[in-house]
Structure formats: structure tokens, C-alpha cells
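Student: Just dropping this structure here.
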Amino acid sequence: MLNFYLYRCTLKSTIMTTQEIAGRLVVLCRQGKFETAQKELFSKDVVSIEPYASPAFEKETKGLSAIIEKGHKFDKMVKETHKLEVSEPLVANNSFSCTMHMDVTMKEDSRHMDMTELCVYEVKDGKIVKEMFLV
């Protein structure tokens, strides 16, 4: 019985709260460490939803490895990042949101993109299971 209790205490102490996940995500994103954040905080079955489909990206991406690959694809498209700002998170029970402002120049046509997105995350069992970007 004691071993079961110790197991439950250990398991409970390793699961991050939504507030902790939100704070960690914001810190890593502000440093531009998106892949680190994904590997550390996302579920293997995470779903990512973009505002709309584009020639480069589908509206919905499923699975951690596919989301990481989507990030690599975006990174290869960016020539220069001029600004990256992430707001403090707004946290509810099992979800949180923040805004992300990116000012970048794209490689292909040297097009300047200055965009702000509302990033909404859903958390289950100590991991992010869904991310949704709204413009």
C-alpha cells in the first residue's frame, strides 16, 4: 500500500499544471525555442489548427512529429526575424492563451510579414493536446 501511495505522489508531482505549462511555453517561445517547447510540453497526439489552409500549410496538423516538421518548414521559409514578442498567458482550468507578434522577412520573395496571432492551447494530463492560432 505504501508503494502505491509513493507512486501516486511521484506521478502527481511530475504532472505540470496548466499555469506551469503556460509559463514555460511563454518563456521558451520568447527565446525562439519552439521545438524545445513542443518536445517538452506537447502530447504525442497533439493537434495544431491554423487560421486557414495555405499553399505551404494545411489548416490542421496532427501529431507531434508532424508539428515539429511544420516548424522546420516555416523556419526554412524565413530569411530574417526582426521581432518576436509573446504576451503573458491568460490561464483557465485546462486552457490558456497568449498573443504572439512576429515581424519577419521571407526568403522566397523578401516579403515582409508583420503578424499577430492569438494562440489558444488546451491541456490534458499535463500536456498540450491542442493549439489553435487565430488572426
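Student: Can you give the angle from 0 to 90° between the axis of helix 2-14 and the longest principal axis of the chain, with both taken from C-alpha atoms, to the nearest 10?
Tutor: Taking the Cα atoms of the chain, the angle to 2-14 is about 20 degrees.
Student: Which of the lysines could a cross-linker span from residue 83 if the Cα-Cα distance has to be under 17 Å and same-chain partners fewer than 8 positions apart are dropped?
Tutor: Within reach: 33, 107.
Student: Go through the stretch 112-120 residue by residue and turn each phi into a ³J(HN,Hα) via Karplus (6.51, -1.76, 1.60, θ = phi - 60°); whole Hz please, and just put x for glycine and proline.
Tutor: Rounded to whole hertz, the list is 8, 10, 10, 9, 10, 10, 8, 9, 10.
Student: Near residue 62, which lysines are there with a Cα under 18 Å away, not counting those fewer than 8 places off in the same chain?
Tutor: Those lysines meeting the cut-off are 39, 44, 70, 73, 124, 127, 130.
Student: When only alpha-carbon atoms count, how far does the stretch 26-135 stretch along each of its three principal axes, as whole angstroms with the largest first?
Tutor: For the stretch 26-135, the Cα extents along the three principal axes come out at 42, 26, 24 Å.
Student: Using 1/(1 + (r/R0)^6) with R0 = 22 angstrom and r between the beta carbons of residue 77 and residue 52, what's the FRET efficiency to the nearest 0.05?
Tutor: My answer for the efficiency is 0.85.
Student: Using θ = phi - 60° and the Karplus curve 6.51 cos²θ - 1.76 cosθ + 1.60, what whole-Hz ³J(HN,Hα) does each residue of the stretch 104-109 get, with Gly and Pro shown as x?
Tutor: Ordered by residue, 3J(HN,Hα) equals 9, 10, 7, 5, 4, 10 Hz.
Student: Continuing with the same structure: Any chance you could run the full-extension gain for residue 97 through residue 40? It's 0.36 nm times the residue separation minus the Cα-Cα distance, nm to one decimal.
Tutor: So the extension gain works out to 18.7 nm.
Quick note: the coordinates plus some simple rules give every number you see, no bench work behind them. Nothing here was measured: the structure is a model prediction, and the numbers come from that model. Using ideal geometry, Cβ is built from the backbone for each residue, glycine included, and neighbour counts are taken over all protein chains shown.
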